[in-house]
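Working notes, beginning with the structure itself.
Each reported figure results from applying straightforward, stated rules to the coordinates on display, with no laboratory input. These numbers were taken from a predicted model, which means no experiment stands behind them. A quick note on method: Cβ atoms are made from the backbone with ideal geometry, for glycine too, and the neighbour counts reach across all protein chains shown.
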Amino acid sequence: MNVMDPEQWSNRYDSGCTGWDLGRSPAELRTWAAALPPRRRILIPGCGRGYELADLVALGHEVTAIDYAEGAIAAARRSIGELAASIRCADFFACDLPSGRFDLCYERTFLCSLPRPGREEYGRRVASLLKPGGRLVGVFLYGQPEDDDPPVPLAASDRERILEAHFSLEEDRAHASGLPVFDEYAERWQVWRKRGS
């Protein structure tokens, strides 16, 4: 997959060029995760500063968080302290993760960091890692992409190929982060259930 390399992302963290950083977990995630049965296995690809990791662990869930930029993990150490030691520095698409292990995959800004060509692999990869009945939840960015510089929103055709091919939509509502980098797009809090389960 042709994505920005880890050093480019690390440079963004090192220089403070992280306009996508909300500074906390979205309220929808905290509310939704608090209602889950205990000890869910949760996957967070592209976890960045790790706010969600910290909140989900505090709720008693087992979290696997991944980021392939050392700069992101260093920033997580400053944000969430010792808990950042549990973040795996790896490429989500290439790292060794057991199929069908996770109850839930959390999404916020990882998918929109990927260029449009080859994005189908995101849907396939997430679906393969989720248990039957597993869910993909989080904030998804919609709009008309103009190029492959992040953030790259989902167009209607992208949603069909990437998400609807593997998941059924269970919940969908407007989300507004208030971050200028997303002003021209529509942010949606969505819950997707893995198909065939």
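Taking label positions 7 Å along the Cα-Cβ direction at both ARG195 and LYS131, the computed distance is 2.3 nm, reported to one decimal. Between THR31 and GLU7, the FRET efficiency estimated from the beta carbon spacing at R0 = 41 angstrom works out to 0.65. Working from label points 7 Å from Cα in the Cα-to-Cβ sense, the ARG39 to GLU70 distance is 3.7 nm. The listed peptides 8-18, 105-115, 56-66, 157-167, ordered by packing as a protection proxy, come out as 105-115, 56-66, 157-167, 8-18 (highest mean of other Cβ atoms within 10 Å first). Using R0 = 30 Å, the C-beta based FRET efficiency linking GLU120 and ALA58 works out to 0.30.
May I ask you to derive the relative contact order of the chain, considering only C-alpha pairs under 8 Å and at least 6 residues apart, and to give it as an integer percent? Intermediate values should be presented prior to the final figure.
On the way: 367 pairs, mean separation 38.2, N = 197.
It comes to 19 percent, rounded to a whole number.
In terms of its alpha-carbon gyration tensor, the chain comes out rounded; the largest-to-smallest axis ratio a/c stays below the 1.5 threshold.
In terms of the mean number of neighbouring beta-carbon atoms within 10 Å, the peptides 34-47, 81-94 order highest first as 34-47, 81-94.
Taking 13 Å as the cut-off, the amide N atoms of the stretch 19-50 that come nearer than this to a point 7 Å along the Cα-to-beta-carbon line of ARG101 belong to 41-45.
May I ask what percent, to the nearest 5, of DSSP beta bridges between residues of the stretch 40-197 are antiparallel? About 50 percent, rounded to the nearest 5.
Summary value for the stretch 1-84: 34 percent relative contact order, contacts being C-alpha pairs under 8 angstrom separated by 6+ residues.
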